[in-house]
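Notes follow the structure.
The values are calculated or read from the model by the stated rules, or taken from the named source; none is laboratory data. Note that this is a predicted model, so its numbers are computed, not measured. Methodologically, a virtual Cβ is constructed for each residue, glycine included, from the backbone with ideal geometry; neighbour enumeration extends over all protein chains shown.
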Amino acid sequence: MHKKNKSKTIKRLLSYVAKEYKFQFIIVFISIIISALVGVVGVQFIKVLIDEYITPLITSQVKDFTPLLNTLKIMALVYLVGVVCTYLYNRLMINISQGVLNKIRKEMFEHMEELPISYFDSKGHGEIMSTYTNDVDTLRQMLSQSIPQVFSCVVSMVAVAIAMLSTNVYLTLVVAAMVILMIFVSKYLGTNSSKFFVKQQEDIGELNGYIEEMMEGQRVVKVFNHEEENKNSFDKLNEELCDSVTNANTYANVLMPCIMNIGNVGYVLVAVIGGILSVNGILTIGAIAAFLQYVKAFTNPLGQVSQQMNSIVMALAGAQRIFELIDEPIEKDEGYVTLVNAKEENGKIVEVKERTGMWAWKHAHRNGTLSYVKLRGNVEFENVTFGYKPNKMVLHDISLNAKEGEKVSFVGATGAGKTTITNLINRFYDINEGKIRYDGINVEKIKKDDLRRSLGMVLQDTSLFTGTIKDNIRYGKLDATDEEVVEAAKLANANYFIEDLPQGYDTVIRGGGEGLSQGQRQLLSIARAALNNPPVLILDEATSSIDTRTEKIVQEGMDKLMKGRTVFVIAHRLSTIRNSDLIMVLDHGRIIERGNHDELIKEHKTYYGLYTGAIEMD
């Protein structure tokens, strides 16, 4: 990570602490300072005990232990203060770290909900999940352990250095020489381990993403006997992770023993030189004993700081990925036309609060006036050109006019642009050229939430969520009554199987509908759309993954749902779109044929070939 990015990330992390935990953080640092100083004072007590109490007692004929006991009581009190401060700052840091992580996770999720679909189309879901789990966990370790420990070690080392200098300059120079060697070794080993720890986090994200893909695609894997190839791909990613973890931990695990052994060499040198100084009357026995403790009190924290730096570097790399997610540009919405409940009074449209079954577009004009347009479901494309990438267009000069209550169907090979058209209707993506109008209003003027509220979608891949059957149907209309839920299920032909479930509508489903057939999941999706009662409906290959018998039941449910609505249908089974008012055949993003079923059959072109089987639709 670049130094500039690192300092920026640290400042941003600290801002979370400063906003809500400033007072607690001050207490933490004061407690750390006191706890660290207690260790130094404790070592100083050793010198005092030996030189002023123990040695005189040994040489004195009168054995009075009262002064020694009083000093030991003071030492016990000092150490008790240190224990209390250590407990206090550790407990507070747990509260602070969990509070900060709670806020970061909340901010991440709230921001993620505002990101455009294009972000999720371009990012692996496993990689995003790794940000929520692994990267957040590295932050927890840094905030609750690494930062307090590093600060405590630094304070201890500064205090010990001052104490050593005040005891003996020559011995301090010996320790300084050892410290310089330690810093050189820790910098070399720490830099290498940090590099591999960052690589480790990246590899974990990639591996998680791959595992998620394989879990979601197990049926495809089994059908195509792709197990061995998947194992090989997994082994490759796993080996990369293993290498980065091994290298990171090799350097990290070697670091502490190296530091400790250098410290031990320093300890021996101090003992030898201190002994010489003591023999020559320059140092007392108590001073030597204290200085030897200072050596340990200085070298041990240095090793701990070096070790914790890996955790800090890893956490900062994780924090950077977290902030990258939080900083992703949210979905832009410059619309100002909103969708409101309405009713007609004296030939005029009036806005009301309660649901009336009638909707209207509320247009706030610059002069302060309001106008209302009844939502009918007329959708018009005018010379629309679009590409997911600026240099690669997917749709070319698309024009269509779907009128209220009409059923418009798209057919064509995979990649022809059928689903892309529906993505543009609900503005998951914005067009490059042309216009899309909804009831005569440019969709760019309509607020996206209101636009999507007027649209219902039933997709090939159903999305059910952990909760009851009732909750899943109610997903698009949270204030719906139980009676409305049941009516929607009946409309979708879902009631018959729901009532056969153990707890009926209160049956809890998990894992996207585990335990339900594909057809049953699809019926629940139709019921959900029916309850929302949208004027415009998009059916994206909704029956392509179910058997013919189930398709008949699902199709009956969809026919009821489509009644009186403007419907856009994408279908591989052409038998389901024979009754469409308008069928458009797409090829490489262009409309090559349009008309109803009978008209297109008479033309004996692409649609005729697709319908008769002369041309296969891949």
note = Among (1) at pLDDT 85 or above; (2) in contact with a strand residue (DSSP E or B) (Cβ under 6 Å, 6 or more places away or on another chain); (3) not in a helix (DSSP H, G or I), residue 457 falls short only on (1)
remark   = With criteria (1) without any contact (Cβ under 8 Å) to a residue 24 or more places away in the chain; (2) in a loop (DSSP other than H, G, I, E, B), residue 115 comes up short on (1)
key: Breaking point among (1) modelled with pLDDT under 85; (2) surrounded by fewer than 20 Cβ atoms within 10 Å (Cβ to Cβ), for residue 551   = (2)
Criterion: surrounded by 17 or more Cβ atoms within 10 Å (Cβ to Cβ) and modelled with pLDDT under 85 - qualifying residue of 606, 612, 576, 566 = 576
ask   = residue 278 passes all but one of (1) modelled with pLDDT under 80; (2) buried (at least 20 other Cβ atoms within 10 Å of the Cβ); which number fails?
value = (2)
inquiry  = It is to be established whether one or more residues within the range 344-359 are in contact (Cβ under 8 Å) with a residue 12 or more places away in the chain, in a strand (DSSP E or B) and crowded, with 16+ Cβ neighbours inside 10 Å.
reply    = yes
message = It is to be established whether one or more residues within the range 443-452 are part of a strand (DSSP E or B), closer than 24 Å to residue 580 by Cβ, out of contact with any helix residue (DSSP H, G or I) (no Cβ under 7 Å at 6 or more places or on another chain) and touching a residue at least 12 places away in the same chain (Cβ under 8 Å).
response = no
Restricting the range 278-333 to residues that are of a type in the set (D, E, K, R) and part of a helix (DSSP H, G or I), the residue that is farthest from the chain's Cα centre (by Cα) = 296
query = Has the range 476-496 got at least one residue that is farther than 25 Å from residue 115 by Cα and under 26 Å from the mean Cα position of the chain (by Cα)?
reply = no
ask   = Can you tell me which of 399, 371 is without any contact (Cβ under 8 Å) to a residue 24 or more places away in the chain, surrounded by fewer than 21 Cβ atoms within 10 Å (Cβ to Cβ) and either small (Gly, Ala, Ser) or over 22 Å from residue 434 (Cα atoms) (or both)?
value = 371
message = Given the criterion more than 12 Å from residue 159 (Cα to Cα) and at pLDDT 70 or above, identify the matching residue among 34, 26.
response = 26
request  = Take the residues in the range 374-396 that are of a type in the set (Phe, Trp, Tyr) and without any contact (Cβ under 8 Å) to a residue 60 or more places away in the chain, then tell me which one is farthest from residue 415 (Cα to Cα).
outcome  = 381
request  = With respect to residue 522, determine if the residue is under 22 Å from residue 411 (Cα atoms), in the same structural domain as residue 404 (by TED's automatic domain parsing), part of a helix (DSSP H, G or I) and modelled with pLDDT under 80.
outcome  = no
